[in-house]
1. Scan region 83-124 residue by residue and report those that are under 25 Å from Leu167 (Cβ atoms), modelled with pLDDT under 90, small (Gly, Ala, Ser) and not in a loop (DSSP other than H, G, I, E, B).
2. Would you call Thr40 polar (S, T, N, Q), touching a residue at least 60 places away in the same chain (Cβ under 8 Å) and touching a helix residue (DSSP H, G or I) at 6+ places or on another chain (Cβ under 6 Å)?
3. If you take the residues in region 152-166 that are open to solvent by 50 Å² or more (accessible area, probe 1.4 Å) and of a type in the set (D, E, K, R), which one is modelled with the highest pLDDT?
4. Would it be correct to say that Leu119 is within 18 Å of Gly29 (Cα to Cα) and under 12 Å from the mean Cα position of the chain (by Cα)?
5. Quick check on region 81-129: of everything there that is of a type in the set (S, T, N, Q) and open to solvent by 20 Å² or more (accessible area, probe 1.4 Å), which residue is farthest from Val70 (Cα to Cα)?
6. Which condition number does Leu72 fail, the rest of (1) within 19 Å of Gln15 (Cα to Cα); (2) among the hydrophobic types (A, V, I, L, M, F, W, C); (3) open to solvent by 10 Å² or more (accessible area, probe 1.4 Å) being met?
7. Condition check: in a loop (DSSP other than H, G, I, E, B), at pLDDT 80 or above and not β-branched (Val, Ile, Thr). Does Gly26 satisfy that?
8. Is it true that some residue in region 38-57 is open to solvent by 40 Å² or more (accessible area, probe 1.4 Å), among the charged types (D, E, K, R), in a strand (DSSP E or B) and more than 26 Å from Gln168 (Cα to Cα)?
Amino acid sequence: MIKSISKRLLHIGQQFPATRATFVFGHKGKYQNYQNLETTQFLQDKKVVLVGFQGEFIPQGTEMYLPDYVKLHKEFQKKECLVLVLTIDSAEKCQELGERFGGNLIFLADENAKISQELNAAADLTERGFGLKTKRFSALLEKGTITKLNEEIGTGMTKTSKALTILQEL
């Protein structure tokens with residue numbers, strides 16, 4: 001059973017939480033650039049595809065979900081969108097995942113789950129042995145506000161939040 005943590009629902013029109021966070025930037029498959037930035041400053045003038053990623057302990061997310069965002073990265077760039085992966089993981093784990101899949105994605109290391117919880121994008125999977133994880137979703141942020149949202153309901157993998165789905169909506 002998945003339990004949501006917050007009573008507030010992830011929704012269109014919602015502002016991304018204002019906080020300092022660790023961003024892990026990739027370039028040509030190398031992820032060694034960590035920057036602690038203000039989220040509002042980073043997002044203020046950008047179009048960003050925000051991807052909720054459950055982490056590598058969920059095989060569906062690791063092998064069938066994130067690689068599609070890497071493969072379609074150039075298509076997102078053509079639409080003038082950055083791809084930002086939100087995950088309840090350390091910066092080091094984000095670096096490891098990025099280098100494993102290559103590409104130029106940006107990871108947002110939500111180590112203490114603060115951002116995921118504020119967005120109501122956290123799921124408690126403790127009963128399954130996984131702990132707190134970011135829900136699987138994709139969203140378009142424009143200047144820090146959610147303008148499109150594709151949220152997975154339940155535990156199964158569907159097309160709802162996959163890379164091609166949000167790309168076709170841009």
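The values are calculated or read from the model by the stated rules, or taken from the named source; none is laboratory data. Note that the structure is predicted; figures quoted are calculated from it, not measured. Because the Cβ atoms are built from the backbone with ideal geometry, glycine has one as well, and the counts that use them run over all protein chains shown. Each accessible area value is taken on the protein alone, full model and side chains, heavy atoms only, with ligands, DNA and RNA left out. Shrake-Rupley method; radii C 1.70, N 1.55, O 1.52, S 1.80 Å.
1. Selection gives Gly98, Ala123.
2. Considered against the rule, which asks whether it is polar (S, T, N, Q), touching a residue at least 60 places away in the same chain (Cβ under 8 Å) and touching a helix residue (DSSP H, G or I) at 6+ places or on another chain (Cβ under 6 Å), Thr40 comes out as no.
3. If we take residues in region 152-166 being open to solvent by 50 Å² or more (accessible area, probe 1.4 Å) and of a type in the set (D, E, K, R), then Lys162 is modelled with the highest pLDDT.
4. No, not satisfied.
5. Looking at the filtered set, the residue picked out is Thr126.
6. Tallying (1) within 19 Å of Gln15 (Cα to Cα); (2) among the hydrophobic types (A, V, I, L, M, F, W, C); (3) open to solvent by 10 Å² or more (accessible area, probe 1.4 Å), Leu72 fails exactly one: (1).
7. So Gly26 does not fit the description; no.
8. Scanning region 38-57, I find at least one residue that is open to solvent by 40 Å² or more (accessible area, probe 1.4 Å), among the charged types (D, E, K, R), in a strand (DSSP E or B) and more than 26 Å from Gln168 (Cα to Cα), so the answer is yes.
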